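What follows is calculated from the coordinates using simple rules that are stated; it is not laboratory data. None of the values given here were measured: they were computed from a predicted structure. Here the Cβ positions follow ideal geometry from the backbone for every residue, glycine too, while neighbour counts run over all protein chains shown.
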Ligand SMILES: *Cc1c(COP(=O)(O)O)cnc(C)c1O
């Protein structure tokens, strides 16, 4: 199931009023749904001591959303300077932040250690001497390499640019210790948008075994393992959801076994982005043009700069038409934006209720990697973001970009240097 019936019941009755007040297009997020998912996540891992979700900020980098995450006790997974600043601006500090960057620059290291620091998750052994001040707590991202298969989205670990290789991982911790590290974590991420929970069980087993191996070699204890993000959501109506309960139960068993064998056990951290907010956001657009050539096209008032997943991954996003359903007249159409790119389509050859100019279309599951992936090609401006609060109010949490925003980095006056 894409967008939940409960979210529809909260949104659809007031959607006409919201579009009249704010105009379209916009992404709108559902606080109630986000909180329910967050509480469900905590509940299913509640028997693992110190369990913590570090919300992947890149999925929906908006302070109002991050505040919701913080109020549920979650930390933040950041991978850029601006994500660090954003997380700190809403009050996250120190070990509330996990900095999982790759190809890290000196400036990023300096920002990471500022303002109370963060948990530094290093992507390579060569970065150890480049850390300006080795913190007490250090984590490495592990890349298991050949023999472990990722899923189709993230690909084969052997071809992935991320992480420390299997042959270097023990040395990496040894070198970090020599540089002053005293507390340790271990991270990996080998699947993305995966609804089969057994991948994460296998990942947990692999990380716990690796933690054991490194501990034996170096005489250290791990405070946490972090199995990354990648919990999948159903985008298509026929997709089954991830079995979070089974994941919680089986992962907890692995932690209990580790505890009985070693007398202590690390905590479990995860960095879900999509799973937390993906289903709890929709992109609302208006149909503005109809075109009947070799195919039928419904032109809408947003384009792929507001949601590029269909364009770059061929991703399916379910679409509803407000006030119409499939029991009436339907037709097969492409739903298109206005960009000068033929992959600027929200749906291709999709059977939908017959759409007229002025109809409101609801594009599902845009709460993660939606607005955040937006861009300005063709001078297109990104849309506003709204938040449907649990009390029923609607808050503008990011205004639409304006032409002035677009021109803000340009120099219209001469600014020449002769070298
Ligand atoms: C993107 C990313 C995540 C979040 O992935 P989701 O698929 O949104 O859960 C977590 N950790 C890292 C390191 C990432 O790059």
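Given the peptides 32-39, 371-378, 399-406, arrange them by the average over their residues of other C-beta atoms within 10 Å, most packed first. Let's see the in-between values first.
On the way: 32-39: 18.6, 371-378: 16.5, 399-406: 12.1.
Result, highest mean first: 32-39, 371-378, 399-406.
Note the full-extension length gain between residue 313 and residue 343 as 0.36 nm times their separation in residues minus their Cα-Cα distance, in nm to one decimal. Numbers along the way, then the final one.
On the way: separation 30, 0.36 × 30 = 10.80 nm, distance 1.01 nm.
Working it through step by step, the gained length comes to 9.8 nm.
Multiplying the sequence separation of residue 89 and residue 221 by 0.36 nm and subtracting their Cα-Cα distance, what value in nm do you get? Present the calculation step by step, with values, prior to reporting the outcome.
Values: separation 132, 0.36 × 132 = 47.52 nm, distance 3.25 nm.
Between residue 89 and residue 221, full extension yields 44.3 nm more.
Would you please give the FRET efficiency between residue 261 and residue 183, computed as 1/(1 + (r/R0)^6) with r the Cβ-Cβ distance and R0 = 30 Å, to the nearest 0.05?
On the way: r = 21 Å, r/R0 = 0.71.
Working from the Cβ atoms, E equals 0.90.
Antiparallel DSSP bridges in the chain: what percent, to the nearest 5? Walk me through the intermediate numbers first.
Details: 27 of 64 bridges.
Here the share of antiparallel DSSP bridges comes out near 40 percent.
Only bridges whose two residues both fall in the stretch 278-401 count here: according to DSSP, what percent of them are antiparallel, nearest 5?
Numbers: 23 of 26 bridges.
Roughly 90 percent of the beta bridges in the stretch 278-401 run antiparallel, per DSSP.
Distance in nm between label sites at residue 158 and residue 133, each 7 Å beyond Cα in the beta-carbon direction?
In this crude label model, residue 158 to residue 133 measures out at 4.3 nm.
If you build a Gaussian network model of the chain, linking Cα atoms that sit under 10 Å apart, which residue out of 113, 136, 238 swings the most?
238
Would you please give the FRET efficiency between residue 246 and residue 390, computed as 1/(1 + (r/R0)^6) with r the Cβ-Cβ distance and R0 = 25 Å, to the nearest 0.05? Can you show the working numbers first?
Numbers: r = 29 Å, r/R0 = 1.15.
For R0 = 25 Å, the calculated efficiency reads 0.30.
Which value in nm describes the separation of the simple spin-label points at residue 357 and residue 400, placed 7 Å from the Cα toward the beta carbon?
1.8 nm
Most fluctuating residue of 70, 253, 17 in a GNM of the chain with Cα springs under 10 Å: which is it?
Answer for the Gaussian network model of the chain: 17.
Quick one: go through the stretch 208-231 and flag any residue whose amide nitrogen is under 17 Å from the point 7 Å out along the Cα-to-Cβ line of residue 49.
221-225
For every helix of n ≥ 4 consecutive DSSP H residues, a contribution of -39,500 (n - 2.57) applies; sum these over the chain, divide by its total residues, and give [θ] at 222 nm rounded to the nearest 500 deg cm²/dmol. Before the final figure, lay out each step's value.
Numbers: 11 runs with 122 residues, N = 419.
Computed ellipticity for the chain at 222 nm equals -9000 deg cm²/dmol.
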